[in-house]
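Contents: one structure, followed by commentary.
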Amino acid sequence: MTTMARRIAGTGSFYSAVVLLVLFAAFPFYWMLITTFKQDGDLYNLQSIPYWFNESPTMEHIDYLFTDTLFLRWLGNSALIGVCVVAITLVVSLPAGYSLARMPGRAAENLGIGIFLTYLVPPTLLFLPLSRVISLLGLQDSLWSLVLVYPTFTIPFCTWLLMGFFKSVPREIDEAAIVDGCTMVGAFVKTILPLSLPAILTVIIFAFTLTMQEFVYALTFISSSDQKPITLGVATDLVRGDVYYWGELMGAALISSIPVAIAYNLFLDRFISGITGGAVKG
Amino acid sequence: MTAIAEGTRPVPRRSRFVLDRPEFMGPLFIAPAILYVVLLVALPFFLAIYYSVSAYTIFNPSYHFVGLKNLKEVLESDIFRHTLGNTFFFTIVSQIFGLLLGKVGAMLLIQDFPGRGIARALVVLPWAVPVSLAVLAWKWMFDSLYSVINWTLMAVGLMDPMNPAQWLGTTDLAMTAVITVHAWRLFPFGVVIFLAGLTSVPKDVLDAATIDGAGFWRRNYVIIMPIILPIITIALIFGTVFTFTDLSVVYLLTNGGPVNSTQVLGSLGFQVGVLSGDVSHGAVICLFLFPFLLLATIILLKVLRRREI
């Protein structure tokens, strides 16, 4: 074999490996996409090749989703929950992360790691007692229960992310502001926060996507259709009786996945450096 | 000395508002975060322990203390023991596949080729998209009648059209399906973690080793692996915790069936504790997750500490 031929063979197998990998990862999403726009007669037909349209595409399932289901309401619920959780997370995590970054000594580090570790506590461990707490508070079957509970996993992760960021801001900046007569709060608000906008943006995106992805607490706390967030509503309410309406289901899954997928891809590197605790130096 | 120090400050230290002192502000800044975690994570956790030793059900909410009776009953149940075995099996097998695919994926995506950005974005999708929605797509792909997987296998002649596979209806296949979905969801995380690790390996070290005659495998095991090991450990712990404590994949895909063959601790705890309303037994089942979480935490702490030194 000549070098040329070997190189072509090598490139060929390299690209086929990449294609296989991408197919495995992305095929379910392609399947969502094509199911959404297929006519029912085309969907439930074993004779034709299922990978593409055999009849003309239709908007029928999407129309149904928006006019005859609570889909828009669920999207709205998720957005409302997301915004409230992001607000709570920012209010709690910003000062906590700053304080951990500036506190001297080993104690601050241990405290930081301690808070981060609560991110590892899974909903599966806590959904039973929390559902009792929620009903004691009179929040059962209300989306506000999720607003209350979701910060338990967004705060630890975001505090950790912010702590790492604040550590990279030179101490001299806030010290100079304090010497100039700022209060500590003033120094934080006037000098540190403006420098932290990229980190704050990351926290907003992550707190929001983490709430969008949650399922277990929503499943446990909420049973009224009009209070459900999008993940729960689509997974439980679009199935009528035992019948799955795949066109609508896939359409709903697709529409709600797109924004989260885009946000995740844009902020992926920050997420990874957060999870590995800045272990990766580029 | 103090006179000089005070002289440089516009306001004398003593007259400052108490809230400006770092020794007060530090703790005050961090108090809300700690309060949140204590009230809504630590407290419910102890409540769960309390439920596990009482006779609490939704229909009869009594805190009557029954000691280890619940634990004994759970341990004696066949379904529980089967479930515990399943949980380990699912976690270990899907971790192995997830990590292997993650390593392979990272080695492919670290190369520079046209379309690499798009390939990476597509590969990350399974990890990014809300799991409950992604599982629905798999449920449709595993459909008993219109499964696209079966259609493909029949088209290439690997499956008998008279006898299509019932992915979610037979025990072994349901297990395969759950593991596939878990591995599918986890491997992109593996890919990005390995990618982050691989790019942190200094290139000059690798070049030097190549010149000194180290081959592909040797470079891989002697240089790359030790450098990226801490990151891989962190990824492995997160992946294990997410799979081990999963409830949504099993709940939506098989609901533990057929005949409890895919039941895991999370889904069993949900069935017993929420659907049947037997909170105390449900709490016992879920608390079985705790020792393993603790172990994972200890390993994670070791890795984090060692890195900082």
Exercise. Each residue of the range A:203-212 in turn: what ³J(HN,Hα) in whole Hz from Karplus with 6.51, -1.76, 1.60 and θ = phi - 60°, glycine and Pro shown as x?
Worked result: 4, 4, 4, 6, 4, 5, 5, 4, 5, 5
Seminar exercise, completed: Pseudo-spin-label distance B:Met159 to A:Ala87, built 7 Å along Cα→Cβ, given in nm, is 5.0 nm
For this session: For chain A, set up a Gaussian network in which alpha carbons nearer than 10 Å are linked by springs, and say which option among A:Leu70, A:Leu232, A:Leu46 fluctuates the most.
Result: A:Leu46
For this session: Over the residues of the protein assembly as shown, compute the C-alpha Rg and express it relative to 2.2 N^0.38 Å.
Result: 1.06
Seminar exercise, completed: Scalar couplings 3J(HN,Hα) for the range B:74-82 by Karplus 6.51 cos²θ - 1.76 cosθ + 1.60 (θ = phi - 60°), nearest whole Hz, x for Gly and Pro, are 5, 5, 7, 7, 5, 4, 5, 4, 4
Seminar exercise, completed: Between the alpha carbon centres of the range B:206-273 and the range A:43-66 the gap in Å comes to 36 Å
Seminar exercise, completed: Cα extents of the range B:118-162 along the principal axes, largest first, in whole Å, come to 38, 23, 10
Exercise. Tell me, what ³J(HN,Hα) does each residue in the range B:27-35 have, in order and in whole Hz, if you take phi through Karplus 6.51 cos²θ - 1.76 cosθ + 1.60 with θ = phi - 60° and put x for Gly and Pro?
Worked result: x, 5, 5, 9, 4, x, 4, 5, 4
Seminar exercise, completed: Footprinting proxy, A:Ser78, A:Ser131, A:Ser16: sorted fewest to most Cβ within 10 Å, the residues are A:Ser16, A:Ser131, A:Ser78
For this session: Give the calculated FRET efficiency between A:Asp269 and B:Ile211 to the nearest 0.05, with a Förster radius of 51 Å applied to their Cβ-Cβ distance.
Result: 0.95
Exercise. For chain A, treating each Cα as an identical point scatterer without solvent, what Debye log10 I(q)/I(0) comes out at q = 0.16 1/Å?
Worked result: -1.23
For this session: Compute the normalised compactness of the range A:106-163: alpha-carbon radius of gyration over 2.2 N^0.38 Å, N being the residue count.
Result: 1.32
For this session: Would you work out the relative contact order for chain B, in percent, from Cα pairs under 8 angstrom that are 6 or more residues apart?
Result: 25 percent
Exercise. Which aspartates and glutamates have a Cα lying under 15 Å from the Cα of B:Lys302, excluding residues fewer than 8 positions away in the same chain?
Worked result: A:Glu109
Problem set entry | Dimensions (Å) - the range B:78-308, Cα atoms, principal axes, largest first | 63, 48, 26
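Averaged over every viewing direction, what's the projected area of the C-alpha convex hull for the range B:170-307? Give it in nm², one decimal, please.
Its average projected convex-hull area is 10.6 nm².
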Seminar exercise, completed: In a Gaussian network model of chain A with springs linking alpha carbons closer than 10 Å, the residue among A:Gly97, A:Gly186, A:Gly112 that fluctuates most is A:Gly186
Exercise. Taking other Cβ within 10 Å of each residue's Cβ, how do A:Lys228, B:Lys302 sort, fewest first?
Worked result: B:Lys302, A:Lys228
Exercise. When the helices in chain A are scored as -39500 (n - 2.57) per DSSP H run of 4 or longer and the sum is shared across all residues, what 222 nm value do you end up with, to the nearest 500 deg cm²/dmol?
Worked result: -23500 deg cm²/dmol
Problem set entry | Residues whose placed amide H lies under 5 Å from that of B:Ser54, excluding near-sequence neighbours | B:Val66
For this session: Would you mind ranking B:Lys72, B:Lys139 so that the residue whose beta carbon has the fewest other beta carbons within 10 Å leads the list?
Result: B:Lys72, B:Lys139
For this session: Please identify which residues in the range A:21-46 have an amide N closer than 15 Å to a label point set 7 Å out from the Cα of A:Phe66, following the Cα→Cβ vector.
Result: A:37
Exercise. Of B:Ser77, B:Tyr56, B:Leu136, which is farthest along the charge dipole of the range B:42-157 in the positive direction, counting Lys and Arg as +1 and Asp and Glu as -1 at C-beta?
Worked result: B:Leu136
Problem set entry | About the Cα centre, charge dipole magnitude for the range A:46-129 (Lys/Arg +1, Asp/Glu -1 at Cβ), debye | 660 debye
For this session: May I ask you to list the GluC sites (Glu not before Pro) in the range A:33-142 that are in a DSSP loop and have at most 16 other Cβ atoms within 10 Å of their Cβ?
Result: A:Glu55
Exercise. B:Leu43 to B:Gln111: extension gain in nm, 0.36 nm per residue of separation minus the Cα-Cα distance?
Worked result: 19.6 nm
Problem set entry | Förster-model FRET efficiency, 41 Å R0, A:Asn110 and B:Arg81, C-beta, rounded to 0.05 | 0.60
Seminar exercise, completed: Within the set B:Asn150, B:Asn255, B:Asn70, GNM on chain B using Cα springs under 10 Å gives the largest fluctuation to B:Asn150
For this session: Extending each Cα 7 Å along its Cβ direction at A:Ser16 and A:Val179, get the distance between those two points in nm, one decimal.
Result: 6.7 nm
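Every number in this text was worked out from the coordinates using simple rules, so none of it is lab data. Computed from a prediction, not measured in an experiment: that's the story for all the values here. Because the Cβ atoms are built from the backbone with ideal geometry, glycine has one as well, and the counts that use them run over all protein chains shown.
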